[in-house]
Amino acid sequence: MEAIDKQLTFYNEGTRAWIQDDVEGFVSGTVVSNQVAGDSCTLVFEVEGRDEPFSVTIKKGEANINEKLPPLRNPPVLEGVDDLTLLSHLNEPEVLHNVRLRYSQEQIYTYSGIVLIALNPFQRLPIYTHDIMRAYSGKRRGELEPHLFAVAEEAYRNMLREKKNQSIIVSGESGAGKTQSAKYIMRYFASVDELDQPFDGDADIDAGGMSEVEEAVLATNPIMEAFGNAKTTRNDNSSRFGKYIEIQFHKDETTGRVKICGAKTRTYLLERSRLVFQPKTERNYHIFYQLCSGCPAAERKELGITTFDQYYYLKQGGEGTIPNVDDVEEFEITQRALSAIGISVNLQWAIFKVCAALLHIGNIEVKESRNGDAQINSSDEALEIASRLLGIKPMEFSKWMVKKQIHARTETIVTNLKKYDAVVSRDSVAKFIYSLLFDWLVKMINKNLAVDETKYSADSISFIGVLDIYGFEHFKNNSFEQFCINYANEKLQQEFNRHVFKLEQDEYVAEKIEWSFIDFNDNQPCIDMIENRLGILSLLDEESRLPSGSDESLVQKLYTNFEKHQFFKKPRFARSDFTIAHYALDVTYQIDGFIEKNKDTVSDELLNLLQNSESEFIRELTTLPKPKEDTPPPPTRPGFKAKSKNNKNTLGSIFKASLIELMNTIRSTDSHYIRCIKPNQAKVAFEFEPQMVLSQLRACGVLETIRISCAGYPTRWTFQEFVERYYLLVNSQHWKFDDPREFSLNIVKLLISDKDKYQVGETKIFFRAGMLAYFEKLRTERLRQCVVLVQKNARRFIYHRRYNETKEAALFVQNAIRRKVAELKCREIRETQASITIQKYARGYIARKTYLQQRESAIAIQSQIRGYIARKQLQQLRRDNAAIKIQKVFRGQRERHKYQDARKNIIFVQSCIRRIFAQKTYTQLKIEAKSITHIKKLNYQLENKVFELSQSLAQKENETKEYAQKIETMESQIKIWKEKFDRLDTRYKDSTEQASEGNAEQLREISELKEAKANLEATVEKLKADNKKSIAERDERIAELERQLEKQREENSNQLNEINTRRGQADDNSAQVAQMKREIASLKDQLQKAISGKDYLYDADERVGRSTSVSRVRGRSSNRNRSRIPSVDTRTAMLNVVDRPIRQLSRVRNESVEVKTEAPAATDAPVNEQTKEQETQSLEDECSLKILEDESLEQEIIDGLIMNLKIPLPNSTQKIERKDILFPAHIIGTCMLKLMKHGLLARLQTLSSKVIAAIQNVALRFEDDYISCFWLSNTYELSCVVETIRTKEASRSRSRYRMESDGNKVLIKILNDLDNLLVRLYYGWMKELKKRLAVMAVPAIIEYQALPSFICKKNGGLWNKIKAPQNQYTIDHLLFLLSKISKVLICFYVEESIARQILCELIRLLGVTAFNHLIMRKNFCTWKRGMQIQYNLSKLEEWCDEHQIPEGALHLERLLQAAKLLQLNKSSPRDIEIIFDICFLLNPSQIKKFLSLYYPVDFENPVSPELLKSVSFRTISENNDTLLLDMDDVEFDKPPLRTVDKIDTSGMPAWADLFLIKCLLELN
């Protein structure tokens, strides 16, 4: 009874368990009673979907208690886990339920330890895209959701890390998806090298894509499918053979990249019988239907091809087409694939000719003669076409199909065949030729794709093998093919069991725990029964070699030899069947056809006929050795004789040998297993048939893996994870978080009394099956107790607060009522007093009103009477005043008329008297004006003024001459100092070898020269200042003189006019007038000389300034540090380039000054000025041309402005000016402009090419953000400068159209080159920035937890035991990097639109990377994680707002909606509608994925399958299955080029050693 109590510990009331069901496999039941009566115990279960309860009675002493008890069901928190080994209760119903639950959530992949279980969804899912591949690249298994790519990635990384070959074994029954899974795995391997490359969006920088070898490897799939796949009742594209593809990789030692270098294919057991027979609703091999549908008209006539229903080999199944498959298109794909692996077109049509011949062979009609012998009509059309296509004689062909030749010792006997035997012979020929063709294709694939290992080192070549082989088969009628398939699965299962057992034991050894040997179901006896010396295959080969061998004699031998074998059973009634107890289930085989299928040969006569064919291709096929599936014959065992060469290998022996070699290959590699499951027979999407799936789980060995795991310690936890999960099960006094190992031991010891239930390892703690559910139950109870405690205190607080509130409310109401009563009494008293007061005031008011009315009436009467009297008096006064006024006016008017008449008479008399006096005075003035004395007086005054001005002018001319002499003296001194400087240069050149002795003296002389030069320059500057001051004073005086002269001219002109009018009256004064004209002319000459003197002074000033400028240029050249001067010869050559034109320019200017000074007439001054300007301009152009033609200029630009340029770094204290950043672009643009003006288009193009190449050399390294940003900004600025130059040049006159056209073409080409450089700089720098941000995106946005109240302690997930190391980046680190990039863009004056594109693209990368990571990680899909992500995104949005990038926040909207989705309720259809309304940017596939990945925390219900189905219907209706966001770069939107208003070259640093560039800029 004690044993029963121990077993029934877990079966308390409310415990859930699984009850077996005939339809569903298992249904859930709940314990409703646990009754113990004596020595027995009865458990009663309430079963879902049943009206009657289910009961189990356990009696004392029963040995099979565990078998009778229903399997326990795991707690809800364990349902839907992605690894079956993590289940606490590992049993068949739990495995089936977990797989079914995940399949209903459209999660078709589930781990079971090292095995990946893949259920066929029967529809396309968006989980095989390139983005999904990229998501799994570099991730450890278990880090993301289960997937084919995770297994492929693990195999690939193991190959690289451990340098050991790998194998991926894909198995399953027909229609389970093996072929498609193998194709996806091969496609992943073909793309893995591209996925390994760092993320970038510019295809021009790093060109990706598959190589020819990788494309050829993928091209093998359509070839093998066309010739080896067919439509069956279970699968539309069923592989009718097994294949093992070795994908070979080569590691480049220089670059370290690993790429596919070749492939090798092995095939196993092609289903030859399908060629000649297909069951109903099935098809022959795809290639025949493709040929019938896609063959062109010309070749169709040659091959005699018509529709498929005209051929016996194709119409037996009645199905000629496959839904949604176009055979014409598939035929073109097959042809392209054949070309991709190196098979020529001619050879392809030779292959198709053989296929057509096989179809015609099937149409050859075999008739029966009268005597029962077989015969073929010689005029049979099918016979003639087949013979022509095969290149053999029809008569010979038909003869040996109906006859056979028997070789005796002394003679040869030819006998006729019966009709049945002749048909078998015809079909054997067809099967034989097709098998040869299939083997030849495999050989050609290996020949063209397999790498020559002699060309590479042994360490550089490795492979990953993908085994796509048939699963365990059990039909109603099982024949030789099913026997071989199940034999192969027995071998694979044995290897699988050993592998799992080894991994399990290795884990225990590594953790150093005590363990006993785990017993597992070894199927080696069954394999020995099949393949041993006297096994089934040996007996089959022996019977096949006997002339009289038959199926009946074979089965009798089997009965005799294996009658007592535990794995062999003889049916009770059937005499031609035998049963083998395979590991999955017992299979009964029908012996009919075993011998014939094992032989699988043709007669020697037909073989010789084919070998002597006229067709070279047929001869090549038939001269091949007997197909051995690309494997050598099995090794001979010691003590046994080898087979003679004359004995032909049977199909069974060949398959056995190839299977042995396959096992050796798998044992030499690390194996990875994928078990494909077909969920339903009808091939309906996401329909689940439990019984069918359960049988496949048993057959594929998944349940055996779980049983092995359950025999040991299947549940493993790290100490830290165990403590974090179950620390609350013990009292807080036992908490020791600093020592997780000791803390874990304390928890276990306090809760588990049986030490056999757990083991403590080095890093993990191991538990028996069921213990995890026990801990979860305790934890749930503990949490429930805590919740009850919290609820109790919360409710007490609520009710206490409610009582206090009620009490306060009652007191408040009482106070209010009492206050109201008092207020009413007070109001009554107040109303009484108020009424008395109102009455008093009302009576007083009435009395006062009566009195006032009477008073007002009396006053009104009095006022009327008094008004009437006053008005009478007023009228009388008005009449008196009017009479007085009229009298006054009349009298005044009369007196005024009298006064005006008297005044007029007086004025008339005065005017007459004054006119008489004025006439007398006028006559006297006329007489005086005619006298010369007045004119002389005026002339005398004018002469005095002119004399004073002449003296002042002469004095200023003398001063000017003195200044000119001083300037000449200074120039001679400058020449003397320059000659001294030249002599010093010559002396320095001669004394280079004795530099140590004369260096001090030269430095001293140079310093003296510098001081003298500085003194001289100071003197010249002082003279210039004095000269300018004197010139200004003289200008003022001359202006005053001009004003006086102009005034005098006007006076003289008036006088001359008056004199001319009176010339006839005063002829005696003509001499004096002539004298005055001469004096005026003299004054004009003096004034013109004064103006000429002014021009001279101006020219002298210009001459002094120019000489100083030349001296300054040379002075700067001589004052440079010797370390910067390459050599004296180089410096002298550079000086000679510029010195001669400058000397000529100075000489011409001096000559022009002398000519201007000596000019006799003022009219010649403008001509001399124009001549001087022309000569000066020509000399400046000559000087510029010399500099531009010098090759040192290009080298100076490349070295000084690009290669060796010190880039100004951003400074927080002082802002860098725009000219200090963009000066390289402006200086280079200025040089281009001068080259353009001088017509040096070839040098312009050369310079631009060298500049672009130098910028590429410096900037495209992307070693520093400052360098990249600096040249990105300058490249765009240089493009703007060049565009400005092109625009200005295009607007010139049409007379230079040809030159402008050539220059415009050159400038357009330069602009195109700069545009390409700008794009490469943008994408290259973005690539480097994205590398850094991509590493920070997930840790900073997804993993970082800034809200302390919502911390998720399980960063690795509750069930994810693999913790990949991550950098501890926070959101602050991310924002700091973004701020740094933004600051760099601002400091280097990057164009605003480019800067916004860069920041927006980086933010988009953050949003896309984080979103794609979140949607692939189950351990993050909780509501707490959603709150943390939303907070981190809010910080990013605040950053975007601060930096005025609102469009950047839009790129985070999808991730923000995903975070909101995690926080929303998900319990009802209404909640789903709300989710779709809020998360409107997410498509239904993404929402469905998040809901399926959502992990409920404590006391939270999981998302129900019904809600997921409703979301799935939306997915189908909207037809949008994009899962991951696009990671590709957004195309760079290059901003339009702006016009540069001013080319500013002032930003060139003073330390720059750019002599020629500075000279060129000064001549601007």
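The values are calculated or read from the model by the stated rules, or taken from the named source; none is laboratory data. Owing to the predicted nature of the structure, the values given are computational and were not obtained by experimental measurement. For neighbour counting, all protein chains shown are included, and Cβ atoms are generated from backbone atoms with ideal geometry for every residue, glycine included. Accessible surface is based on the protein model in full, side chains and every heavy atom, while ligands, DNA and RNA are left aside. Shrake-Rupley method; radii C 1.70, N 1.55, O 1.52, S 1.80 Å.
Odds and ends about this structure:
- Residue 252-residue 50 FRET efficiency (beta carbon distance; Förster radius 60 Å; 0.05 resolution): 0.35
- Potential lengthening between residue 900 and residue 1290 on full extension [0.36 nm per residue; Cα-Cα distance subtracted]: 131.7 nm
- Lysine pair count for segment 719-829 [Cα-Cα under 27 Å; pairs on different chains or 8 or more apart]: 15
- Cβ-based charge dipole, segment 769-910, positive-most Cα from 900, 816, 803: 900
- Scoring 817-823, 1248-1254, 49-55 by mean Cβ neighbours within 10 Å over their residues and listing the highest first yields 1248-1254, 49-55, 817-823.
- Computed FRET value (nearest 0.05) for residue 683 with residue 777, which takes r as the C-beta separation and R₀ as 35 Å: 0.25
- Estimated inter-spin distance, residue 421 and residue 42, nm [label 7 Å along Cα→Cβ]: 7.3 nm
- Accessible area of segment 461-542 divided out per residue, in Å², using a probe of 1.4 angstrom: 38 Å²
- Taking all protein chains into account, the per residue accessible area for segment 1380-1452 stands at 33 Å² (1.4 Å probe).
- When the C-alpha to C-alpha distance is required to be over 19 Å, the pairs from 1186/1234; 163/512; 966/1024; 178/597; 178/502 that qualify are 163/512; 178/597; 178/502.
- Radius of gyration and maximum dimension Dmax of segment 1386-1491, Cα, Å: 15.6, 55
- Pairwise centroid distance, computed over Cα atoms, of segment 85-112 with segment 325-397, Å: 50 Å
- Spacing of the two label points (7 Å from each Cα toward its C-beta) at residue 887 and residue 1199, in nm: 12.5 nm
- With viscosity 1.306 mPa s and temperature 10 °C, the Kirkwood radius over alpha carbon pairs of segment 685-803 converts through Stokes-Einstein to a diffusion coefficient of 91 µm²/s.
- Inter-label distance for residue 67 and residue 569, nm, one decimal - labels placed 7 Å from Cα along Cα-to-Cβ: 1.6 nm
- Per-residue extension of 0.36 nm, minus the Cα-Cα distance of residue 1561 and residue 556, leaves a gain of 350.8 nm for this segment.
- Per residue value of the accessible surface for segment 5-55 (all protein chains in place, 1.4 Å probe), Å²: 59 Å²
- Rolling a 1.4 Å probe over the protein heavy atoms leaves residue 1427 with an accessible area of roughly 50 Å².
- Net charge dipole, segment 1179-1238: roughly 520 debye, given to the nearest 20, about the Cα centre with Cβ charges of +1 for Lys and Arg and -1 for Asp and Glu.
- Given 315/678; 301/353; 1327/1489, the pairs whose alpha carbons are separated by over 20 Å: 315/678; 1327/1489
- FRET efficiency estimate (nearest 0.05) - Cβ-Cβ, residue 1033 to residue 908, R0 60 angstrom: 0.40
- Heavy-atom accessible area ranking, 1.4 Å probe, most first, across 1423, 18: 1423, 18
- Across segment 1-154 the C-alpha pair distances fall into 5 Å bins from zero in the proportions 2, 8, 15, 16, 15, 11, 9, 8, 6, 5, 3, 1, 0, 0 percent.
- Long-range amide H partners of residue 174 with built H, under 5 Å: 471
- Accessible area of residue 368 in the full protein assembly, 1.4 Å probe (Å², nearest 10): 110 Å²
- With every protein chain in place, segment 479-594: carbon and sulfur % of accessible area (1.4 Å): 50 percent
- Per residue, the convex hull around the alpha carbon atoms of segment 14-83 comes to 116 Å³.
- Net lengthening on full extension, residue 522/residue 604 (0.36 nm per residue, minus Cα-Cα): 25.1 nm
- Just the protein heavy atoms count here, and of the accessible area of segment 280-330 at 1.4 Å, carbon and sulfur take up 50 percent.
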